[in-house]
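Notes follow the structure.
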Amino acid sequence: MKIANGKSKMVLPLHVNGETKEAVIRSADTLLYTLREGFGLTGAKRACSNGDCGACTVLIDGEPNHSCLYLTIENKDKMITTIEGLKNSLVQKAFIEKWAIQCGYCTPGFILNCQALVESKPNADDSTIQEWLESNLCRCTGYAEIEEAVKAVLQEVRSIEK
C-alpha cells in the first residue's frame, strides 16, 4: 500500500475477477464505490446503501457479501468476484433461460449469491435455496423464476459430478 501523491489517498492492490488491479482510494471508500467508480465494474448496484437489498452483492473469497458494507481497504489480499467475472457462467445462463431477470437491477446480486450457493452447497434442498435467496430483494418478481434457475443449475452440476 502506497500513499498517492502525498495526499490522503492510497494505492491498494486488489484481486478482482482473476486480475490484480491497483485502486487509488481514500480510507473511507466502500468496496462498492471502488468497483464502480475506480474500476468501471458497474454490475454491483448502489441501492439501499445499508446491506438490506443485496443489489451490491459480490463474492469475497467465494462468499457473498454486500459491497456497500465493506471498506475497500478491508479487501486487501482477498479474491473479489463481480458479475463481470461470471460472464457466461452456468448460473447466468440459467437466469436467462428461466427468465429470472425481470428489470435486471437485482439480477447481478442474485446471480453471485446463487453462484456461491451452487459452489458451497451443490446438494441444496428447497429450504436451503429459499434461505439463501432471502439476502437479496427483487421488487419485480415472485422469485419463482429465480428458484427455477437455481434448481436447474444445481441439477446440471449434480449430473456433471456423476
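None of the figures in this text is laboratory data; all of them are computed from the coordinates on show. Remember, predicted model here, so these are calculated numbers, not experimental data. Using ideal geometry, Cβ is built from the backbone for each residue, glycine included, and neighbour counts are taken over all protein chains shown.
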Worksheet, complete the sentence: With the first residue restricted to the stretch 86-109 and required to be among the acidic types (D, E), and the second required to be buried (at least 23 other Cβ atoms within 10 Å of the Cβ), Cβ contacts under 8 Å at 6 or more apart or on different chains are E97/A149
Worksheet item: Out of V153, V157, which single residue is assigned to a helix (DSSP H, G or I), in contact (Cβ under 8 Å) with a residue 60 or more places away in the chain, touching a Lys or Arg at 6+ places or on another chain (Cβ under 9 Å) and hydrophobic (A, V, I, L, M, F, W, C)?
Response: V153
Practice prompt. Select from the stretch 116-143 the residues that are of a type in the set (V, I, T) and crowded, with 18+ Cβ neighbours inside 10 Å and list them in ascending order.
Written response: V118, I129
Discussion item. Can you confirm whether R46 is free of Cβ contacts under 8 Å to residues at least 24 places away in the same chain and assigned to a helix (DSSP H, G or I)?
Written reply: no
Item to complete: Name every residue in the stretch 63-93 that is among the hydroxyl-bearing types (S, T, Y) and within 9 Å of the chain's Cα centre (by Cα), in order of residue number.
Response: S67, T81, T82
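With the requirement that a residue be more than 18 Å from L112 (Cβ to Cβ) and part of a loop (DSSP other than H, G, I, E, B), what does the stretch 17-35 give you?
The first filter runs over the stretch 17-35 and keeps only residues more than 18 Å from L112 (Cβ to Cβ), leaving 20-29.
If the condition is that a residue be more than 18 Å from L112 (Cβ to Cβ) and part of a loop (DSSP other than H, G, I, E, B), then S27, A28, D29 are the ones that fit.
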Practice prompt. Check the stretch 32-45 and report whether any residue there is more than 24 Å from L137 (Cβ to Cβ) and touching a strand residue (DSSP E or B) at 6+ places or on another chain (Cβ under 8 Å).
Written response: yes
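Among the listed residues G38, G54, which satisfies the condition of being under 13 Å from L112 (Cα atoms), of a type in the set (G, A, S) and touching a residue at least 12 places away in the same chain (Cβ under 8 Å)? Write out each step before concluding.
On the way: G38 fails: under 13 Å from L112 (Cα atoms).
Testing whether each residue is under 13 Å from L112 (Cα atoms), of a type in the set (G, A, S) and touching a residue at least 12 places away in the same chain (Cβ under 8 Å) leaves just G54.
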Item to complete: Just need a number here: residues in the stretch 95-113 that are under 16 Å from the mean Cα position of the chain (by Cα) and under 12 Å from V153 (Cα atoms).
Response: 2
Worksheet item: Of the residues I111, I146, I96, which is of a type in the set (V, I, T), closer than 27 Å to E19 by Cα and crowded, with 20+ Cβ neighbours inside 10 Å?
Response: I111
